[in-house]
Amino acid sequence: MNDTWFKERKYAWIGLAALWIIGFIGALLRFIMATYQVQISQDLNISRSLISMAWSTNLLIAALCTPIGGWIADRYGPKKLMLLSTIFSILGTSIVFVGHNSTLFFIGYGVISGFYGIGASATYILIFDWFKHHRAKATALLASSSSIGLAVCTPIFISNTWLTWKDAFLISCLLSLFVALPVIQFLIRNPENPQKKAKESKQPKVKMLFKGPHMLLFLFIGFALFTCGFNMGTVEMNLVAIYQLSSVKPALIAVSMSTLGIMEIIGSFIFGYLLDRINKFTAMSLLYGIRILAFIILFVHSPWSPIVFAVFFGFTYLGAVPGGMLIANENTKEKGKFIGSLLLFHQAGGIIGSLIGGVSFDISKSYQLLIGFDMLLCILVTIGYFTNYWLRYKNTLYVSRYTNEVKKLH
């Protein structure tokens, strides 16, 4: 009996389906907060700034938890980490649903739900362990759970006037309790001997071509992920405001946001295919190069900018994090610690990108400074990835020539 599908173990694909379901449920809170801000503000009699503070606190706690989660995963396995993460989500949403005041809302969503981020590294660890030939494609498929969730859930929340924000929080809680927890318990398997692997390597084994500390590659990937997070913070928090300031019609804004979501899904599959086929540094240079073009288009504020920006940026939206993680995975043994620390860079970029948008607007009464900074970061990352590729290409060429010379001598 054939135990493989497309050169991978059958269980790898079953596990991927389980992770997709868990990811879909985990992303619900983002859609709820994005949809019901006005209703929450009115029902709890709280300001929008307090809701934004709860959102930022949630992101900050999630960011700070990622390295801790990686450490836990290396020692106790990703499965236990995912169970713990889901329990935090259940507790947080329960408190928001039961309570009906600003304090419990902030504690439930802003603080306790933020600890859900402790499990962020677990999915990458599992995907990299289960898959050998289709890692990038599997990562892209998993990333699509959030985009498809946005496309499916947002219209449901908006169109059903009888569905309140408390109902939405209850649905999130029940799905985590009766779907996510059983799926984790019965369908998720830990990598083989995670404790043994952690003991075998006291330090990350990084293959470097640079002379100097091994930490150099880690710092560069961290900077690239910070840039990605900053780009996403700019887009998620400030893109609609940028269009409104440029007097873009609401109908065009709606079309551009839909285009962005569609291109996220298309781009994730295309870059997933490329990352499995070509040099990963080359693929990442291409990705950030396209982002440079996207922000140039956004900067000029032409009538066609919203749609073209959505196509270009959406195409790269979900590829940067998997690409960076795949490179990291190939260069270290302590998967959880390394991946968890890198996710901290990405989260930090998202928080700072969201905040700088407001600050730059207060200073200059426009978002041009913010967009220009996004361009500069993407240029630096593109140069870095291409330089890394070129140094590795030259090293491979040198080794090949040396090997040929040795063969001739013998």
### Message
Looking only at the stretch 349-368, filter to residues that are outside any helix (DSSP H, G or I) and hydroxyl-bearing (Ser, Thr, Tyr); which one of those is surrounded by the most Cβ atoms within 10 Å (Cβ to Cβ)?
### Response
Tyr367
### Scope the stretch 94-134; condition open to solvent by 50 Å² or more (accessible area, probe 1.4 Å), under 30 Å from Ile14 (Cβ atoms) and at pLDDT 90 or above; matching residues
Phe115, Tyr116
### Query
Restricting the search to the stretch 272-310, which residues are open to solvent by 50 Å² or more (accessible area, probe 1.4 Å), outside any loop (DSSP other than H, G, I, E, B) and under 23 Å from Gly357 (Cα atoms)?
Leu293, Ile296, Phe299, Val300, Ile307
#### Entry: Of all residues making up the stretch 357-406, the number that are under 25 Å from Gly222 (Cα atoms) and at pLDDT 90 or above
19
#### Entry: Residue under evaluation Phe226, criteria (1) out of contact with any Gly (no Cβ under 6 Å at 6 or more places or on another chain); (2) open to solvent by 20 Å² or more (accessible area, probe 1.4 Å); (3) on the phi < 0 side of the Ramachandran plot; (4) touching a residue at least 24 places away in the same chain (Cβ under 8 Å), criterion not met
(1)
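Results for (1) open to solvent by 10 Å² or more (accessible area, probe 1.4 Å); (2) part of a helix (DSSP H, G or I); (3) farther than 29 Å from Leu83 by Cβ, shown as yes or no for each residue.
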{"residue": "Trp13", "(1), (2), (3)": "yes, yes, no"}
{"residue": "Ala17", "(1), (2), (3)": "yes, yes, no"}
{"residue": "Ile22", "(1), (2), (3)": "yes, yes, no"}
{"residue": "Ile32", "(1), (2), (3)": "no, yes, no"}
{"residue": "Ser41", "(1), (2), (3)": "yes, yes, yes"}
### Task
Check Ile46 against each of (1) open to solvent by 50 Å² or more (accessible area, probe 1.4 Å); (2) in a loop (DSSP other than H, G, I, E, B) and name the one condition it does not meet.
(1)
### Task
Consider Ile371 carefully, then state whether it is of a type in the set (A, V, I, L, M) and buried (at least 20 other Cβ atoms within 10 Å of the Cβ).
yes
### Message
Residues to consider are Ser360, Ser341; find the one that is among the polar types (S, T, N, Q) and out of contact with any Pro (no Cβ under 7 Å at 6 or more places or on another chain).
### Response
Ser360
### Message
If a residue must be of a type in the set (Phe, Trp, Tyr) and within 23 Å of Ala328 (Cβ to Cβ), how many such residues does the stretch 339-379 contain?
### Response
1
### Task
Kindly provide the set of residues from the stretch 239-254 that are of a type outside the set (Ser, Thr, Tyr), under 22 Å from Gly353 (Cα atoms) and surrounded by 14 or more Cβ atoms within 10 Å (Cβ to Cβ), ordered by number.
Leu239, Val240, Ile242, Leu245, Ile253
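The values are calculated or read from the model by the stated rules, or taken from the named source; none is laboratory data. This one's a predicted model, so the numbers in the text were calculated from it and none came from an experiment. Neighbour counts are summed over all protein chains in view; Cβ atoms, including those assigned to glycine, are modelled from backbone coordinates with ideal geometry. Surface accessibility is based on the protein's heavy atoms, side chains included, excluding ligands, DNA and RNA. Shrake-Rupley method; radii C 1.70, N 1.55, O 1.52, S 1.80 Å.
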